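Reading through the structure tokens given below for one structure.
The numbers here are math on the coordinates, done by the rules we state, and not lab data. Computed from a prediction, not measured in an experiment: that's the story for all the values here. FYI the Cβ positions are ideal-geometry reconstructions off the backbone, even for glycines, and counts take in every protein chain you see.
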Amino acid sequence: MAKSRGSESETNGARERIVDALLDLASERSWHSITMPDIAERAGVSLAEFRNHFPSKGAILGAFAKRIDTIVLEGTTHDLDTETSRERLFDVLMRRIDALAPHKDAMRSIMAGLRHDPLSLLAMNQVATNSMRFMLAAAGIDAEGPFGSIKVQGAVLSFAHIIDVWLRDDDAGLSKTMAALDTELGKGAMMVHRLDDLGRMSAPLATMMDRAMERGRSMRDRRSWNRQDADQDPSI
């Protein structure tokens, strides 16, 4: 058992070194100039060990996003439970930006590189979606139901815009970033309100469709039973 715990610790340590290596390299040069051998050398692992942990640079970014998620989620308290959902989300996203702050130079390189790589950008959208689903949950915002995915994707796009502002914001107080965040949250609140209205308006129609489908299934079942009875009746 001790050996297993030690092996797990070594594995986690290697993964963290690889993530740190990529971030260090990204803070020094362009994203596309960073190769997998570069990362392995900086992390002090072989290419074989690198491959055991991550299949690509994008996968390393996924692990970095998960690290940031953990920092934000572990720092979430119930202090703002009585505040509005907008204020709670403002707090969560600002704490996410605070967690990213030590890696601002790396983020500049990463974001610039991804803009010119549509396939990687698409893959990273899924990573961002997973992260934002947890950020909304931390703010006490329901992202389930028929419009949950739309809410999450809207939050992803809004936060991407906020990150662009943050990367250009040299003010120590992050005044531009907070202003952009406030604006985006206002737009998001309007979108959520419209989706909720649409959900209430479409609920009766959805109920009617469910009932119609249920009647259709019942009729098919009855016809199936009648055919089975006819096949089994020797007098027919």
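Some points to look at:
- Lys, Arg +1 and Asp, Glu -1 on Cβ, resulting dipole of the range 101-167 about Cα centre, debye, nearest 20: 100 debye
- Counting 0.36 nm for each residue step from ASP98 to ALA137 and taking away their Cα separation leaves a gain of 12.2 nm.
- Judged by the gyration tensor of its Cα atoms, with axes a ≥ b ≥ c, the range 69-169 is oblate; a/c meets the 1.5 cut and b/c is at least as large as a/b.
- Cβ-Cβ distance of ASP24 and ARG86, R₀ of 25 Å, FRET efficiency by 1/(1 + (r/R0)^6): the value works out to about 0.10.
- Taking every C-alpha pair closer than 8 Å and separated by at least 6 residues, the mean separation divided by the residue count of the range 1-55 gives a relative contact order of 36 percent.
- With the simple spin-label model, which puts each label point 7 Å out from Cα in the Cβ direction, the GLU74 to THR35 separation comes to 3.6 nm.
- Full extension of the segment from ASN12 to LYS187, taken as 0.36 nm per residue of separation minus the current Cα-Cα distance, would add 59.0 nm.
- Charged-residue dipole, Cβ positions (Lys, Arg, Asp, Glu), the range 142-186 about Cα centre, Debye nearest 20: 100 debye
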